[in-house]
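As structure tokens, the structure follows; a few thoughts come after it.
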Amino acid sequence: MYSLLVADDHPLFRDALQTVISGGLAGSQLLEAESLADAIALIEANVELDLLLLDLSLPDAEGLEGLTRLREEFPSLPVAIVSAHQERQLVLDAITLGAVGYIPKSTPRETLLAALTQILEGQLYLPPDVMRRPAPRASSPPSAINASSNSERLARLTDKQLEVLACMTTGMSNKHIARELLIAETTVKTHVSAILRKLNATSRVHAIVIAGEEDLSFHRANRTR
């Protein structure tokens, strides 16, 4: 059904991923690469790939270097990160660079399968546990100015829009948000459009990045005082 490629130099993780995909995505295939160079060769030889799962600690690419190169050379290929690193800012940086999802390697099997399915269906996936962590307070002047700007834009949102945005930052789809907040999916779409407009965000991902630089729980708590 789907054609995936994993770039990871740990055989045990690749084997585990093979098991998850063969058991949960019937008819799908998972190609394997141990390095970024191997991954690029496989991408060039398999134009039908639906998704690349990229580790951030490859022998020939450290951190977000591999993602940056892949986005430049293969802009139409969706790339999701699979990593043992779970820093909130790293997740946001990856999404900003064009990743369609970020899956921690510690993710349980069922959640991993759900995350892959969500991404393959064209939705963004973010690890809820990581995204719920408070944003670190900015200390440098430029960041403080940017934080102030973001804070002012978030202040324009209604209570319900803040709730919707909080759900968006955990990677929820509109349908999932509707179930979570007990409102119609069309209402969620209306809120999302208003959120993008009020935040001056160019996309859903941009809105998530803006929210990621702030502590939404702090803003929501202030509304209840």
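The values are calculated or read from the model by the stated rules, or taken from the named source; none is laboratory data. All values reported here derive from a predicted model rather than from experimental measurement. Please note: Cβ atoms are built from the backbone with ideal geometry, for glycine as well, and neighbour counts cover all protein chains shown. Just so you know, the surface numbers come from the protein's heavy atoms only, side chains and all, with ligands and any DNA or RNA stripped out. Shrake-Rupley method; radii C 1.70, N 1.55, O 1.52, S 1.80 Å.
Report, in degrees rounded to the nearest 10, the 0 to 90 angle that the Cα long axis of helix 159-168 makes with the longest principal axis of the chain.
Value to nearest ten degrees: 10.
Okay, helix-only estimate at 222 nm for the chain: each DSSP H run of n ≥ 4 adds -39500 (n - 2.57), divide by all residues, round to 500 deg cm²/dmol; what do you get?
Helices in the chain give a 222 nm mean residue ellipticity of -16000 deg cm²/dmol.
Of all alpha-carbon pairs in segment 1-77, indicate the percentage at a distance above 20 angstrom. Working shown, then result.
Numbers: 802 of 2926 pairs.
Percentage above 20 Å: 27.
May I have the convex hull volume per residue, in Å³, for the Cα set of the chain?
Details: hull volume 29.8 nm³, N = 225.
Spread over its residues, the Cα hull of the chain gives 132 Å³ apiece.
May I ask what percent, to the nearest 5, of DSSP beta bridges between residues of the chain are antiparallel? Show your work: numbers first, answer last.
Numbers: 2 of 19 bridges.
About 10 percent, rounded to the nearest 5.
From the Cα trace of segment 41-89, what convex hull volume per residue do you get, rounded to a whole Å³?
Numbers: hull volume 4.3 nm³, N = 49.
Roughly 87 Å³ of hull volume per residue.
Using 0.36 nm times the number of residues separating ALA155 and GLU180, minus their current alpha carbon distance, what extension gain do you get?
Numbers: separation 25, 0.36 × 25 = 9.00 nm, distance 2.27 nm.
6.7 nm is the gain from fully extending ALA155 to GLU180.
Below 8 Å between Cα atoms, with a sequence gap of 6+, how large is the relative contact order for the chain in percent? Before the final figure, lay out the partial values.
Details: 306 pairs, mean separation 33.7, N = 225.
After rounding, I find 15 percent.
Given segment 61-131 reduced to its alpha-carbon atoms as identical point scatterers, what log10 I(q)/I(0) does the Debye formula return at q = 0.14, 0.15, 0.16, 0.20 Å⁻¹?
-0.39, -0.45, -0.51, -0.81
Of the heavy-atom accessible surface of segment 1-43 (probe 1.4 angstrom), what whole percent is carbon and sulfur? Each step should come with its number before you reach the end.
Numbers: 1060 of 1870 Å².
In segment 1-43, the share of accessible area belonging to carbon and sulfur is 57 percent.
Quote the charge dipole size of the chain about the Cα centre in Debye, to the nearest 20; the model charges only the Cβ of Lys and Arg (+1) and of Asp and Glu (-1). Walk me through the numbers on the way to the answer.
Working: 21 positive and 28 negative charges, 335 e Å.
In total the dipole reaches around 1600 debye.
Specify the angular offset, from 0 to 90 degrees and rounded to the nearest 10, of the alpha carbon long axis of helix 36-45 from the longest principal axis of the alpha carbons in the chain.
80 degrees
Among residues other than ARG71 whose Cβ falls under 15 Å from its Cβ, what is the net charge (Lys/Arg +1, Asp/Glu -1)? Present the calculation step by step, with values, prior to reporting the outcome.
Details: positive: ARG69; negative: GLU65, GLU72, GLU73, ASP93.
Around ARG71, the surrounding residues sum to -3.
Please count, across the chain, the pairs of lysine residues with Cα atoms under 20 Å apart that sit 8 or more places apart or on different chains. Mind dumping the intermediate values first?
Working: LYS160/LYS175; LYS160/LYS189; LYS160/LYS198; LYS175/LYS189; LYS189/LYS198.
The number of close lysine pairs in the chain is 5.
Report the label-to-label distance for ARG132 and ALA37 in nanometres (one decimal), using points 7 Å from each Cα along the Cα→Cβ vector.
Placing both labels 7 Å beyond Cα along the Cβ direction yields 4.3 nm.
Using a 1.4 Å probe, what is the accessible area per residue for the chain, in Å²?
In whole numbers, the chain has 48 Å² accessible per residue.
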